[in-house]
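Undergrad: Have a look at this one.
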């Protein structure tokens, strides 16, 4: 399917500048370009939306229902430090 702007561009390219149909096609093309400018979205105005559940690191915030939670996760003190050597995950075989 061909857009009206594409048809206008094709007609404007083929017809001479003083042709009434070419002039109308050029006006339509300019109008389509202005409409396109208004439809552009500024990425700074877009808000993030959450799809699904938020990710959670089981080594930092373990829950009782975690499947194969890291060993020693959630322990107080240095033993539960998620970046230390005491907290590790067993590989799923």
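The values are calculated or read from the model by the stated rules, or taken from the named source; none is laboratory data. Just so we're clear, the structure is a prediction, and the values are computed from it rather than from any experiment. Virtual Cβ from ideal backbone geometry, glycine too; neighbours counted across all protein chains shown.
Undergrad: Looking at region 53-66 only, could you name the residues that are surrounded by fewer than 10 Cβ atoms within 10 Å (Cβ to Cβ) and at pLDDT below 80?
TA: Correct list: 53, 54, 55.
Undergrad: Select, from 20, 4, the only residue that is over 26 Å from the mean Cα position of the chain (by Cα) and at pLDDT 70 or above.
TA: 20
Undergrad: Right, another one. Could you grab me the full set of residues in region 67-91 that are loosely packed, with under 11 Cβ neighbours inside 10 Å and in contact (Cβ under 8 Å) with a residue 24 or more places away in the chain?
TA: Listed by number, the list holds a single entry, 68.
Undergrad: Would a scan of region 33-41 turn up a residue that is part of a loop (DSSP other than H, G, I, E, B), out of contact with any helix residue (DSSP H, G or I) (no Cβ under 6 Å at 6 or more places or on another chain) and at pLDDT 80 or above?
TA: no
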